[in-house]
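All remarks here apply to the structure that follows.
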Amino acid sequence: MSKQVEIKVPDIGDFTDIPVIEVLVAVGDEVSEEQSLVTLESDKATMELPSPVAGVIEELHVESGSLVSEGSVIAVARTAQELEPAAENAAGAGESESGESESADVAEPRTSEFQTREPETEAGKESPPPDAQNAETYDFDLVVLGAGPGGYTAAFRAADLGLRVALVERYASLGGVCLNVGCIPSKTLLHTAQVIDQAAAIERHGVHFGEPQIDLDKLRAFKDGVVGKLAGGLKGLAKQRKVEVVQGVAAFEGAHVVSVQSEDGQRSLSFAKAIIAVGSQSVELPGMPWGDYRLMDSTAALELEEIPERLLVVGGGIIGLEMACVYEALGSKVTVVELTPKLMPGTDPDLVKPLQRRIAKRYEAIHLATRVKQIDIADDALVAHFEGEHSGKADFDRVLVAVGRSPNGGRIKAEAAGVRVSERGFISVDAAMRTSVPHIFAIGDVVGEPMLAHKATHEGRVAAEVCAGEKSAFDARVIPSVAYTDPEIAWVGVTEAEACEKGMEYGVGKFPWAASGRALGNDRSEGFTKLLFDPKTDRLIGAGITGLNAGDLISECALAIEMGAEASDIALTIHPHPTLSESVGMAAEAYEGTITDLYMPKKG
Ligand code: FAD
Ligand code: NAD
């Protein structure tokens, strides 16, 4: 017995006139129960409305751009089956004979801020999952090239979703730059630096620890131990998931084959899908004496071979300033040279100011708008020649060059698979992380800025889910950035500089940490918390924090932006006292003009 069923928008909370942003079915389509029919997007969330019945769509009452509310008819379906209980329970639903119409609300909508549409790519729709067609044809459902945070996350997620996965890594240790020569070793050493600095600073409180005695071998061993522990953990996680780890250098041989070159010889791996996660490497300034052990990139600097008396840091970006913090605390006299007129260009200057003030007192020199033209080798020093705002030459015992990183896309014979790579080595991808070849994906540093581990990880999950046939895409609104200097600098979303440049209207709520009991108790009140709001909606659009633990504090702001939080949502959230996190709530109060911890005269 066939029935016609009107499918209506159910109770979706306190929303009316929600735009339909995509219609996922057409008249004549056969739909299964729970199959998504349309995507709605309110200002708080995106949601898909699934069909309450299985049947054939006979009429569509909405199109992209239609506005719907509870009870709006989306479609009429003809079903041959008995209505399922969900539909029977819906208001107005009941048995009827062939040809008669009845109504059914769609089932509970699937709501998620991260829910996305099927990605639109030049390659078109997702191909069927590999197991359907390729299980016997290829060695693996998925081969992941590179085991950094992007690559291992992708491999593990794909294995958890049932794919047969190989993870190819040129080094014996998994974890990539981040774990082995990046985030983790640098943050471990920055912790040591912070403790040294705090022990010295506590003199002001009447506590004297004396000069630090540094056992460099022990410090290095601790750092290596942290890395080793985590790398061992990754190996175990790969084993538990039956991800085959293949050590060697990978390069494409064709659209479905990579070759892996190792000391043991060459092995070819065929795959249904591949994810390129080969990361990036330090830029080497040309014309420098790179063979000399005293000239270091960040990897060499993290080796901590010695504490040079005089260290030159070329590049006042994140790596340069983090490593300068480490070496200065360990006892080096540090000089920083930065090409542009500002440290950490791209970051709001007011956020950088407290750091700049602090290091100006502690470092030997900071030369802005200056570049190193040449470095000569002398017996007992490297001689750096400067030009720009500062000129002349000076001797250093070691030089760290940290002038950016370049992607490794040009080093994997991607052309053999037909994957397009830019001249600089970046691989462009769509929201589903697909490259120009639909079954090959790319993630992490190799797809572009910002080159951050948490971005790589997020992209890795998306790519793995799409590979496994799931509906997933990268649609996070913001990616937070943190410089783990002392003080830390963290920012997320729109920066003030960007808002000004784009002529965006914005309102600012700022809370100086000089008014924070916790910051004063820590004897570190130089920081502040700054929130940027859209004055039309009062929604948070950006945030910047500078001060101790700013990197941890910024997460609340990232969540607030993702959730579409307004100033009042943040201000009315009770923050624990006395914490630095209170400063986020108070910055929102400052924007609203309701703050009591500061006196802000009424405007006008
Ligand atoms: P990677 O981590 O670069 O991993 C790529 C992997 O691919 C490597 O293991 C490499 O050996 C392997 N590989 C490359 N080519 C091949 C090939 N042909 N065959 C087989 N294997 C190959 N980011 C943060 O978010 N927070 C931080 O605090 C932070 N600190 C950093 C500190 C330093 C000193 C540096 C250098 C970077 C730091 N970063 C930080 C950046 C972060 O490390 C990167 O963004 C992140 O590692 C990128 O991850 P990925 O998976 O894209 O690539
Ligand atoms: P960067 O782009 O952050 O900074 C490089 C700096 O060097 C810039 O300020 C640039 O103007 C300057 N510069 C360029 N050429 C120069 C020259 N000839 N002389 C003097 N200065 C010059 O790059 P980075 O510090 O090498 O870091 C690379 C990447 O690693 C960054 O993109 C960052 O995303 C990532 N990273 C992140 C973290 C973190 O999240 N905490 C830490 C380290 C690295």
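The values are calculated or read from the model by the stated rules, or taken from the named source; none is laboratory data. Bear in mind the structure is a predicted one, so any value in this text is a computation, not a measurement. Because the Cβ atoms are built from the backbone with ideal geometry, glycine has one as well, and the counts that use them run over all protein chains shown. We work out accessible area using only protein heavy atoms, side chains counted, and drop any ligands, DNA or RNA first. Shrake-Rupley method; radii C 1.70, N 1.55, O 1.52, S 1.80 Å.
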Report task. For Ala251, state whether it is part of a strand (DSSP E or B), in contact (Cβ under 8 Å) with a residue 12 or more places away in the chain and of a type in the set (A, V, I, L, M). Result -> yes
Query raised in the report: Inside the range 322-357, can you point out the residues that are assigned to a loop (DSSP other than H, G, I, E, B) and of a type outside the set (Lys, Arg)?
Result: Gly331, Ser332, Glu338, Leu339, Thr340, Pro341, Leu343, Met344, Pro345, Gly346, Thr347, Asp348
**Report entry** Test for Ala104: is it open to solvent by less than 40 Å² (accessible area, probe 1.4 Å), over 19 Å from His439 (Cβ atoms) and modelled with pLDDT under 95
**Finding:** yes
Query raised in the report: Which one is farthest from the chain's Cα centre (by Cα), of the residues in the range 393-414 that are small (Gly, Ala, Ser) and closer than 16 Å to Val336 by Cβ?
Result: Ala394
Query raised in the report: Does any residue in the range 382-398 that is free of Cβ contacts under 8 Å to residues at least 40 places away in the same chain and on the phi > 0 side of the Ramachandran plot come within less than 7 Å, Cβ to Cβ, of a residue that is in a strand (DSSP E or B) and open to solvent by less than 30 Å² (accessible area, probe 1.4 Å) six or more places away or on a different chain, and which pairs are these?
Result: Gly392/Phe386
Report task. Write out, first by first residue and then by second, each pair whose Cβ atoms fall under 6 Å of each other, whose residues are 6+ apart or on separate chains, and whose first residue, in the range 331-354, is in contact (Cβ under 8 Å) with a residue 60 or more places away in the chain while the second is assigned to a helix (DSSP H, G or I). Result -> Met344/Val352; Asp348/Glu496; Asp348/Ala497
Report summary line: For the range 450-492, the count of residues that are in contact with a helix residue (DSSP H, G or I) (Cβ under 9 Å, 6 or more places away or on another chain), within 16 Å of ligand 2 (Cβ to nearest atom) and open to solvent by 30 Å² or more (accessible area, probe 1.4 Å) equals 10
Report task. For residues that are in contact (Cβ under 8 Å) with a residue 40 or more places away in the chain and acidic (Asp, Glu), scanning just the range 280-315, find the one that is nearest to Ser422 (Cα to Cα). Result -> Glu284
Query raised in the report: Of Gly232, Gly176, which residue is at positive phi and at pLDDT 95 or above?
Result: Gly176
Report task. Kindly check whether there is at least one residue in the range 421-429 that is within 13 Å of ligand 2 (Cβ to nearest atom), open to solvent by less than 20 Å² (accessible area, probe 1.4 Å) and part of a loop (DSSP other than H, G, I, E, B). Result -> no
Query - So Glu338, is it out of contact with any Pro (no Cβ under 7 Å at 6 or more places or on another chain) and surrounded by 22 or more Cβ atoms within 10 Å (Cβ to Cβ) - result: yes
Query - Complete set of residues in the range 167-206 that are buried (at least 23 other Cβ atoms within 10 Å of the Cβ), away from ligand 2 (no atom under 16 Å from the Cβ) and farther than 18 Å from Gly232 by Cβ - result: Val168
